[in-house]
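Here is the structure we will look at.
The values are calculated or read from the model by the stated rules, or taken from the named source; none is laboratory data. Because the structure is predicted, anything quoted here is derived from the model rather than measured. We place every Cβ from the backbone using ideal geometry, glycine too, and count neighbours over all the protein chains shown. To get the accessible areas, we keep the full protein, side chains included, count just its heavy atoms, and leave off ligands, DNA and RNA. Shrake-Rupley method; radii C 1.70, N 1.55, O 1.52, S 1.80 Å.
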Amino acid sequence: MVLKRTYMDWNATAPLSEPARLAMLDALRLPGNASSVHSEGRAARAAVEKARRHVAALVGAEPAHVFFTSGATEAANHVLTPDYRMGRSRLTVSHLYVSAIEHPSVREGGRFNKEQVSEIPVGRSGIVDLAALETALAAHDRAAGLPMVAVMLVNNETGIVQPVAEAARLVHQAGGLMVVDAVQAAGRIGVDIAELDADFVILSSHKVGGPKGVGALVLRGEALMPAPLIRGGGQEKGHRSGTENFHAVVGFGAASEAALGQLAERNADISALREELERGMRNVAPDLVIHGQDVARVSNTCFFTLPGLKSETGQIAFDLEGIALSAGSACSSGKVGQSHVLTAMGFDPDLGALRISLGLTTTMDDVNATLAAFAKISGRRRSAGEAA
Ligand code: PMP
């Protein structure tokens, strides 16, 4: 008998949504290069610009301020640079401040030297320490250049929503630039670049039901532009050269449109499913720790520690029961490392943690299957403990 699989790892990647799949199939029939002036080229251009409008709408931005990239990682490497242009003049960003829970694509600091990057701590609640940010900005040497700050809107491991608008206010008071990784927020909570007061927003297609390998850097305005990361033929108004990944861009646009359309309705459903899941898990294991349960979290994520269950063992045990979940971030080429997010929150990462993340097509059956596996695994843990 083939074991039924239950996919509970939507923060790692979302399955391709049906609207994205259909839009991409259509796009595969178009032969043109979006930069060509002939009719075939113009048809491809029209499809790219339609996608740009949908991606812009996802974050309340102007379509002209969306630049497609090969993913959020490239967008981060594009925007995190000391080298900016304002019209014809050059501007230097001399230091990057990143929250300690940023995704590695941001935490690595992009094109800054290591000594130009500092970390802003988070509290035990998993929320960035705004007082520490304020202190760091007050100590910033303005004569050397502008400060830049990166705080993600939603953490990929915990699902905890960060106080980005408050951080942005401090950053702007200090004359700095605010970068927001909204990869795990888009399509899950309303995201508006102006309300967040962000100068730059980073997006990834495959977290909203689009294809992998495409993302976007979104700008608030065009006054300040990062030096291009990829130079060449001048596509994307010279900001990102290389023929657009046309089919993927079209899929990203269609997925964004669908995600935005379903946001309110599906969020309520997903929230109810997570509620059932967490209630069921607590019933089975009263010693369960759910990280971030007392603060604002996106409705789809449950990051938990089950005492006595290591991340790696737990992940394999669930997999053998047919449940795909992960030990926090899935970004380090298959290795189950320790969570830098838990460490930053002051938890002993050796205790281990697992992440269940739900999505658009998750059902109560999926939740029940996960709970059945959870009960088995938790029970084994107890009997092993009793035997010891
Ligand atoms: N930021 C966050 C918060 C993420 O979760 C991810 C993907 N795990 C990325 C950035 C990187 O996105 P991409 O895979 O498009 O490079």
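General remarks:
- Restricting attention to region 161-176, the residues that are over 19 Å from Val208 (Cβ atoms), hydrophobic (A, V, I, L, M, F, W, C) and open to solvent by less than 10 Å² (accessible area, probe 1.4 Å) total 3.
- Look at (1) farther than 28 Å from Gly346 by Cβ; (2) in a loop (DSSP other than H, G, I, E, B) and you find that Gly261 fails only one, number (2).
- Failed criterion for Pro226 (all others in (1) away from the ligand (no atom under 16 Å from the Cβ); (2) open to solvent by less than 10 Å² (accessible area, probe 1.4 Å); (3) in contact with a helix residue (DSSP H, G or I) (Cβ under 6 Å, 6 or more places away or on another chain); (4) more than 24 Å from Val98 (Cα to Cα) hold): (4)
- Failed item in (1) away from the ligand (no atom under 16 Å from the Cβ); (2) surrounded by 16 or more Cβ atoms within 10 Å (Cβ to Cβ), with Ala150 passing the rest: (1)
- Residue within region 283-295 that is open to solvent by less than 20 Å² (accessible area, probe 1.4 Å), closer than 30 Å to Val55 by Cα, in contact (Cβ under 8 Å) with a residue 12 or more places away in the chain and β-branched (Val, Ile, Thr) present: no
- Any hit, region 94-101, residues being free of Cβ contacts under 8 Å to residues at least 12 places away in the same chain and assigned by TED's automatic domain parsing to the domain that holds Pro226: no
- The helices (runs of 4 or more DSSP H) falling completely within region 5-91 that include 3 or more residues that are more than 16 Å from the ligand (Cβ to nearest atom) map to 18-27, 39-58.
- Enumeration of residues in region 138-166 that are aliphatic (A, V, I, L, M) and in contact with a helix residue (DSSP H, G or I) (Cβ under 6 Å, 6 or more places away or on another chain): Val149, Ala150, Val151, Leu153, Val164, Ala165
- Sole exception among (1) farther than 20 Å from Val171 by Cα; (2) hydroxyl-bearing (Ser, Thr, Tyr); (3) touching a residue at least 12 places away in the same chain (Cβ under 8 Å); (4) not in a helix (DSSP H, G or I) for Ser105, by number: (4)
- Flag if Leu277 is crowded, with 22+ Cβ neighbours inside 10 Å, outside the structural domain of Gly213 (by TED's automatic domain parsing), of a type in the set (A, V, I, L, M, F, W, C) and more than 20 Å from the chain's Cα centre (by Cα): yes
- Among the criteria (1) in contact with a helix residue (DSSP H, G or I) (Cβ under 9 Å, 6 or more places away or on another chain); (2) under 30 Å from Ser70 (Cα atoms); (3) open to solvent by less than 20 Å² (accessible area, probe 1.4 Å), the one Gly322 does not fulfil is (2).
- Members of region 121-147 found to be open to solvent by less than 20 Å² (accessible area, probe 1.4 Å) and either in contact (Cβ under 8 Å) with a residue 60 or more places away in the chain or on the phi > 0 side of the Ramachandran plot (or both), listed by number: Val122, Gly126, Gly145
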